[in-house]
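Chemist: Let me begin by handing over the structure; questions about it come next.
The values are calculated or read from the model by the stated rules, or taken from the named source; none is laboratory data. Here the structure is a predicted model, which is why all the values come from computation and not from measurement. Ideal geometry is used to build each Cβ from the backbone, glycine not excepted, and the neighbour counts take in all protein chains shown. For the accessible areas, the whole protein counts, side chains as well, though only heavy atoms, and no ligand, DNA or RNA atoms are used. Shrake-Rupley method; radii C 1.70, N 1.55, O 1.52, S 1.80 Å.
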Amino acid sequence: MDQGSEMGSISIPDVPLKSSNRRMPVLGLGTAASPFSGSETTKLAILEAMKLGYRHFDTATLYQTEQPLGDAIAEALSTGIIKSRDELFIASKLWCSDAHRELVVPALQKSLENLQLEYIDLYVIHWPVSSKPGSYEFPIKKEDFLPMDFKSVWEAMEECQNLGYTKAIGVSNFSCKKLGDILATAKIPPAANQVEMNPLWQQNKLREFCKAKDIQLAAYAPLGARGTIWGSNRVMECEVLKEIAEAKGKTVAQVLI
Ligand SMILES: NC(=O)c1ccc[n+]([C@@H]2O[C@H](COP(=O)([O-])OP(=O)(O)OC[C@H]3O[C@@H](n4cnc5c(N)ncnc54)[C@H](OP(=O)(O)O)[C@@H]3O)[C@@H](O)[C@H]2O)c1
C-alpha cells in the first residue's frame with residue numbers, strides 16, 4: 001500500500017511503521033462491538049467497508065471478531081472485492097491472559113488460524129497488564145490481575161515478528177513511562193501505540209513522546225465512543241466542534257476523523 005489506498009475518490013494516506021516494511025493506512029475500521037454483534041453481521045459490515053475502500057481492519061482476540069474478519073477476507077478474495085491479501089492491513093491484539101512469555105507466540109498462531117492468514121501486519125499488546133492465564137473475560141476480575149514482565153513479553157513479541165507471523169509489533173494503552181519500560185530493553189522498538197484520543201482528550205504529552213521516538217500513535221474511538229459503557233456523547237456534541245463543522249460544511253464526524 002505504498003501509494004495509499006483509494007476510497008471512492010478519496011485517497012487514504014498511509015504512514016511508515018518503524019522496523020517494518022509495511023505502511024499503515026491512517027483510516028481503519030474497528031471491529032469491536034459490545035455486546036458482540038454476531039459473526040454474520042460483523043462479516044457483512046467488513047465486506048461493505050471493503051467495498052467502500054477500507055483496507056485497514058482492527059481486531060483483537062478479546063473482540064471475537066478475528067473469525068468473521070477472516071471469513072470476510074476469504075470472501076472478498078473469492079468475489080474479487082480485493083485482488084490480493086497484501087492490499088489489506090490487518091491488526092490484532094494480544095489479550096492480557098496471554099501476556100506471558102511462553103503464551104505470546106501460541107496466542108498469535110491462534111489469531112492467524114482464526115483469521116485464516118499466514119501473517120498479520122501489526123500485532124500489539126492490548127493493555128500494559130497481564131492476567132491469570134486461560135481467562136478471556138472482560139472486565140478482568142480484580143484477583144486475576146498480574147503485573148506485566150515487560151522485558152520477557154516484549155521478547156516474545158519480537159519473536160513473533162522474527163518468525164514472520166507479523167510485519168510489525170506495537171502496544172496499546174501504553175503511557176510514556178510504560179513505553180519507556182519497553183524501549184529500555186527492546187531490540188525491535190514498538191512501531192505503534194493505539195490509545196483513546198480525540199479533540200477533547202488530545203494526549204499531548206504522549207503525542208510528543210511518540211513523535212520523538214518514531215512511534216506511530218493511533219487513535220481509537222476518535223468519535224468519543226458514544227453508546228458504550230466507557231465513552232460518552234461529549235465529543236460528538238461539543239459546541240466548538242459543531243461550529244467548526246458548520247464553518248467547513250462538514251459533519252462533526254468528518255471533522256473528528
Ligand atoms: N486498543 C484498545 O484498547 C481499544 C479500546 C476500544 C476500542 N478500540 C478500537 O477502536 C474501535 C472503536 O473506535 P470507533 O472508531 O468505532 O469508535 P468511535 O470513534 O466512538 O466511533 C463509533 C461511534 O461513532 C458513531 N458514528 C460512526 N460513523 C458516524 C458518522 N458518520 N456520523 C455520526 N456518527 C458516526 C457510531 O454511532 P452509531 O453506533 O449510532 O452508528 C458510534 O457511536 C473498536 O472497534 C476497536 O477496534 C481499541
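Chemist: Hey, among the residues in the range 159-218 that are outside any loop (DSSP other than H, G, I, E, B) and of a type in the set (K, R), which one's surrounded by the most Cβ atoms within 10 Å (Cβ to Cβ)?
Modeler: Residue satisfying both the conditions and the ranking: K167.
Chemist: So which pairs qualify, if the first residue must be in the range 123-151 and in the same structural domain as W95 (by TED's automatic domain parsing), the second must be open to solvent by 100 Å² or more (accessible area, probe 1.4 Å), the Cβ gap must be under 6 Å, and the two must be at least 6 apart or on different chains?
Modeler: What qualifies is D144/K132.
Chemist: Moving on. Does W95 qualify as being touching a His at 6+ places or on another chain (Cβ under 7 Å), surrounded by 21 or more Cβ atoms within 10 Å (Cβ to Cβ) and in the same structural domain as N193 (by TED's automatic domain parsing)?
Modeler: Spelling it out, W95 is indeed touching a His at 6+ places or on another chain (Cβ under 7 Å), surrounded by 21 or more Cβ atoms within 10 Å (Cβ to Cβ) and in the same structural domain as N193 (by TED's automatic domain parsing).
Chemist: Considering only the range 37-63, how many residues are hydroxyl-bearing (S, T, Y) and over 18 Å from the mean Cα position of the chain (by Cα)?
Modeler: 3
Chemist: A further question follows. Within the range 219-242, track down each residue that is surrounded by 12 or more Cβ atoms within 10 Å (Cβ to Cβ) and either more than 10 Å from the ligand (Cβ to nearest atom) or among the small types (G, A, S) (or both).
Modeler: A219, A221, G224, A225, G231, S232, R234, E237, C238, L241, K242
Chemist: How many residues, within the range 36-81, are loosely packed, with under 15 Cβ neighbours inside 10 Å and aromatic (F, W, Y)?
Modeler: Qualifying residue count, the range 36-81: 1.
Chemist: Need pairs with beta-carbon distance below 8 Å; first residue basic (K, R) and within the range 218-246, second more than 7 Å from the ligand (Cβ to nearest atom) and assigned to a loop (DSSP other than H, G, I, E, B); sequence gap 6+ or separate chains.
Modeler: R226/S232; R226/N233; R226/V235; R234/L200
Chemist: A further question on this structure: Would you mind finding the one in Q216, Q194 that is near the ligand (Cβ under 9 Å from one of its atoms) and closer than 22 Å to M157 by Cα?
Modeler: Sole residue among the options that is near the ligand (Cβ under 9 Å from one of its atoms) and closer than 22 Å to M157 by Cα: Q194.
Chemist: Something else about it: Residues V105, V26: which one is surrounded by fewer than 21 Cβ atoms within 10 Å (Cβ to Cβ), within 16 Å of the ligand (Cβ to nearest atom), at negative phi and touching a residue at least 12 places away in the same chain (Cβ under 8 Å)?
Modeler: V26
Chemist: Can you tell me which of (1) away from the ligand (no atom under 16 Å from the Cβ); (2) farther than 23 Å from L217 by Cβ is the one W154 doesn't meet?
Modeler: All conditions pass for W154, except number (2).
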